[in-house]
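Working notes for the structure below.
Each reported figure results from applying straightforward, stated rules to the coordinates on display, with no laboratory input. Model, not experiment: these values are computed from the prediction. All Cβ positions, glycine included, derive from the backbone under ideal geometry; neighbour counts span all protein chains shown.
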């Protein structure tokens, strides 16, 4: 019988620094992975933490990690060539087919962009898979922006609104919360729109309220939840919300389900 | 098949069984209770029949015989992991009907909710259950309300009555040990009524989640987690990595019982907690026991053993909370 | 006819001679302050039949039945007999129906202890009764009190001998869930002797006072009490006109038998060294020690005492307190 708790060693192939606090670790992994899934990553001297996949390559998987809490500090001291114990992938992830052929709006806050990066990448590379694709990404300040190069690349093929909450006076890009840009979105047919929204709990709450003002049905909205998880296997109980286990049934939920979930 | 023995004969058969099996049973731990000169009844390994407490309901449930409070998942070095060996012997666990019904709940989570749990499974497969009857109901239990007052999932039923002992052996291998007795029809003692009765709320809606009752009881809760730790159906754990002091690159990963009422249960890296309010924690626990689990698996989690009510230092009565919630939902 | 009463004798028979001429009060000590409620009815009857209907609950946990005519002493003494037996006063056989010999040694008082209190580490009233049996009747001025835990609700540090219940906390790491309840409890209610290290508790044995808070806070029985009961013995605390002071720790993690022995041994010390000028042979033991030295006291107190290996004894003890006596 397979022991799901046993991690495998994975080499750190590349480290990409986004900000002083956030890095992407490109790690070796062979196997099927979907955007929105997560791995349990063992951090030397600390323990395991669930970290969502921010990119998928050939024999590679990316993890974008914000240096918060005692768990994630240690990772930053590891360098290319070192190895970490990882296990996964876990969770359902995003199913690209749910969004194909639609007018897609992807709204992310901070590291919430990471789990959706694979989805954005798909539609940026294959813009004709959707009627339209718009990304609204919010960060605290220009210094906190993640995936800077990606945003440049993506804006060539899809609509990108990269906004910051606080900016110095000379900053010439969009500012304010992501919710500010929702009312102005234009749709050919609002019934054909889909929204994916990931970020801190409070951001998700207000974003969905704003989306609903557009007259969108719950089925058209998707989100992904970040909760404490100690196993990723439906055992430890920490991520349970109502009858759902975020690790097994999520972390991606259609809003018809998500709205029923209480912490 | 049922058999009758003298108590002495049973004691000697038991001693022999205890050589072949690791036997876990409720035991009176003298003076080990919360307060001075107060005993506690909890599970431990026993080797003789007279160590077993047949009368009092155990303060802590049997679950530690299947799910150790601390369990090493693996030992690690920088690049290797080693899984500790599982139980060497088969084990017998003495328990009552409510608890045997709880085993089904543990199985549900550890074997049938997504992945199979390697550690639980290897112990569970080595375990047989010995039913202890309940001649009279305990005062706090409400097994009848929960439909957990009876069971036929036992491998052995064992009853002491004065100088006599009775067994019913359903497990063939175990039955071998008792063939020397006088055959007699034996059937377990089950209670059919409890002094405590619980009527579960019907028509639970999102409004139910906002009930003032959770605030009321939450305000009284001190987040000690006793209700979870004594519960035979609570299965949560937290993972801990221990790094050896003399070689910090080596260590072990353990899983340790966790409580949804204790601080830190929902806290993620960075410090955000999803249920910082006690009312939310109270709701979370109660709803899991009488609603969420049932929604997912088709039957209720709570087996009505009443231990949580017995142990609460703040006299929070979960059973009364549920009854009051039931009335609110009418 | 004028009253002709031997007041010295009356006082040694637990009677108070009051301000009011001809009126006395009957004093009944209750060892450990714990008694059958039936006693209350008996006290009531005496108070209403012979006294003025009032009772004082004394500061040392006794009853003082007020307003009794001194000519009724003998009759009242007879009425006291069942009370004496019920509360467990160590009465001389020949004193039956004659009250009991009271003396300089004061009632052994106690907090409610582990009969009731969740914090107490032992049965204080049982120990008070045991000590009563060992040291009464005795005329020297000794004050002994028992308290269940380091909260010291019985204010034993105001006594010559204060007995504070301790437990040596027993920790089973395999039952510990790192919930931190003990660490928080020790920090907020006690001395902060616990910390979490590698998800398990480390107890600072130097700091730990054996109060048992960790045991009461533990939700999984990882912390339990030691099978053996331990006691801290504080010595030579006192109130008074000259130099009130708090008793200081002498023995920590001591056992009951040795403590009883030490208290008894101290009588010989006082007999030997009490000031010949002491009024009514009453001199506080602390003053005697001040005069003759702590080493001398130890020599007497520790006679035939073999302390357990885990018992910590402070070799020197110094007292401070407030000085009104102009002694330097």
All-pairs alpha carbon distance profile, the range A:89-146, 10 Å steps from 0, percent | 22, 50, 25, 4
Restricting the count to DSSP beta bridges whose residues both fall in the protein assembly as shown, what percent are antiparallel, rounded to a multiple of 5?
-> 70
Percent of alpha carbon pairs in chain A separated by more than 28 Å?
-> 32
With a Cα-only, solvent-free Debye model of the range C:7-95, what are the log10 I(q)/I(0) values at q = 0.12, 0.15, 0.16 Å⁻¹?
-> -0.32, -0.50, -0.58
So what are the radius of gyration and Dmax for the Cα set of the range A:8-90, in Å?
-> 11.3, 31
Efficiency by 1/(1 + (r/R0)^6): what FRET value for residue A:209 and residue A:126, r their Cβ-Cβ distance, R0 = 35 Å, to the nearest 0.05?
-> 0.65
Between residue A:15 and residue B:170, what FRET efficiency comes out of the Förster formula 1/(1 + (r/R0)^6) with R0 = 60 Å and r the beta carbon distance, rounded to 0.05?
-> 0.50
Going from the fewest other Cβ atoms within 10 Å to the most, one would list B:299, B:166 as B:299, B:166
So what is log10(I(q)/I(0)) for the protein assembly as shown at q = 0.05, 0.09 1/Å, when the Debye sum runs over its Cα atoms only?
-> -0.44, -1.04
Can you sort A:233, B:17 by how many other beta carbons sit within 10 Å, fewest first?
-> B:17, A:233
Expressed as a whole-number percentage, the relative contact order of chain C with C-alpha contacts under 8 angstrom and at least six residues apart is 13
Bins of 10 Å from zero: percent of alpha-carbon pairs in the range A:96-224 = 13, 48, 34, 5, 0
If C:129, A:117, B:296 are placed from fewest to most neighbouring beta carbons inside 10 Å, the sequence is B:296, C:129, A:117
Under the Kirkwood approximation for Rh and a Cα-based Rg, what ratio Rg/Rh is obtained for the range A:137-207?
-> 0.97
Semi-axes of the range C:242-284's equivalent ellipsoid from the Cα gyration tensor, sqrt of 5 times each eigenvalue, largest first, rounded to whole Å?
-> 24, 16, 7
Largest-first principal axis extents, alpha carbons of chain C, Å | 85, 47, 35
Over chain B: helical MRE at 222 nm, DSSP H runs n ≥ 4 each giving -39500 (n - 2.57), nearest 500 | -7500 deg cm²/dmol
What is the pair-distance distribution P(r) of the range B:58-148, computed from all Cα-Cα distances in 5 Å bins starting at 0, with each bin given as a whole percent?
-> 3, 11, 20, 21, 17, 12, 8, 4, 2, 1, 1, 0
The range B:145-265, convex hull of Cα, quarter of hull surface, nm² -> 15.6
Mind checking the alpha-carbon convex hull of the range C:73-160 and giving the volume per residue in Å³?
-> 100
Expressed as a fraction of 2.2 N^0.38 Å, the rule-of-thumb size for a compact globular protein of N residues, what is the C-alpha radius of gyration of the range A:118-170?
-> 1.22
What's the Cα-based Rg to Rh of the range B:92-188, Rh via Kirkwood?
-> 1.02
Residue span residue A:219 to residue A:169: 0.36 nm per residue of separation minus Cα-Cα distance leaves a gain in nm of 14.0 nm
Quick one: of the DSSP bridges fully inside chain B, what percent are antiparallel, nearest 5?
-> 75
Other chains' Cβ within 10 Å of C:173-186 residues: what's the mean?
-> 5
Using alpha carbons only: equivalent-ellipsoid semi-axes of the range C:170-224, gyration tensor based, whole Å = 15, 12, 10
Report, as a whole number in µm² per second, the diffusion coefficient that Stokes-Einstein gives for the range C:30-82 at 37 °C and 0.692 mPa s using the Kirkwood radius over alpha carbon pairs.
-> 287
Number of partner chain Cβ atoms within 10 Å, mean per residue of C:212-222 = 5
Whole-Å semi-axes of the ellipsoid equivalent to the range B:233-287 (Cα gyration tensor, √5λ, descending) = 29, 14, 6
Under the definition of Cα pairs under 8 Å and six or more residues apart, what whole-number percent is the relative contact order of the range B:258-314?
-> 20
How many percent of all Cα-Cα pairs in the range B:181-247 sit more than 21 Å apart?
-> 67
In percent, what relative contact order does the range C:79-174 have, based on Cα pairs under 8 Å that are 6 or more apart in sequence?
-> 25
